[in-house]
Every structure is written in structure tokens, then in C-alpha cells.
Amino acid sequence: MMEKEYQIYKCPVCGWSHFENEVYSDWEHCPNCLSSIHAADKDGFECGGTLEPISIWVKPDGTWDIIQRCRLCGELNITRMSEDDSPLKVLSIASSALAVPPFPIEKMEELTKAMGGQGDVGGYYREQRK
């Protein structure tokens, strides 16, 4: 009787591997760190850099994709999210833009006034709902 062979996945970025009795799903990216290796750039040249997750794209049809950027060449890549992906890592990536915005939160009213708005974020949104 032949034993079933299991292929073991080991992430080249974080070192994570699945349990031996789990079925290997041939993931496009690591379900633990959401990273992968950039095999070739858009011109077909070998790269070998690390594709790091930088954002989550929630598409109009309700599917979620991971946006990755290569640390070596800077090229962007989109990979479909898997049900095996770490929900904590996904939420961490998705909320990172809110945690570290590209402008100082303390200056929100000042920036709104400079752009011709009311300067009061609460009032601005109430006006839009009328």
C-alpha cells in the first residue's frame, strides 16, 4: 500500500510552514505573512526580490486582493486573497493606512480650511447628508 505524499510548503520570507497533515494548496503567497518571491518583472527579467503586502483591495464584486510591492525593483503585484490567509495579517495591512495616515491628524481642521472647507470635520459631513 502506497502512502500519500504530502508536499511541505515553507515560506522563503518568514519561514512559516503548514502542518504535515494539511493539504498543500499551492499558494501564490504565504498565508502567514502574505509575502512571496518576485520571479520576474513585467519585462520578463528575473528579479528574485520579496513581494511585500502593502494594501488590501476590496473590489466591487466583493472579492479581496492583496497588493504587493517588490522590495528590490518596486514593481506592484496583485494576488487574490485566499481563505487560508491570516485574518490578523489581513486586518493589519488593511488598517495600516488609517493607523499612519500621510498627513498629521492634528492638522485636519487647518488643512480643511486651507482647501476651502468649513474646517469642522463634523459639520462638513452633516452638510453633505442634507
**OP:** Kindly indicate which of Leu91, Leu98 is in a helix (DSSP H, G or I), open to solvent by 50 Å² or more (accessible area, probe 1.4 Å) and either within 30 Å of Tyr9 (Cβ to Cβ) or at pLDDT below 70 (or both).
**Re:** Leu91
Subject >> Matching residues, segment 57-78, being under 12 Å from His38 (Cα atoms) and surrounded by 12 or more Cβ atoms within 10 Å (Cβ to Cβ) >> reply: Gln68, Arg69, Cys70, Arg71, Leu72, Cys73, Glu75, Leu76, Asn77
Subject >> Matching residues in segment 43-56 - criterion: being over 15 Å from Glu28 (Cβ atoms), open to solvent by 50 Å² or more (accessible area, probe 1.4 Å) and at pLDDT 90 or above >> reply: Ile54
**OP:** Taking the residues in segment 34-57 that are of a type outside the set (Gly, Ala, Ser) and without any contact (Cβ under 8 Å) to a residue 12 or more places away in the chain as candidates, determine which candidate is farthest from His18 (Cα to Cα).
**Re:** Asp43
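The values are calculated or read from the model by the stated rules, or taken from the named source; none is laboratory data. In this text, all values refer to a predicted model and were calculated from it rather than measured experimentally. FYI the Cβ positions are ideal-geometry reconstructions off the backbone, even for glycines, and counts take in every protein chain you see. Please note that ligands, DNA and RNA were not included when accessible areas were found on the heavy atoms of the full protein model with its side chains. Shrake-Rupley method; radii C 1.70, N 1.55, O 1.52, S 1.80 Å.
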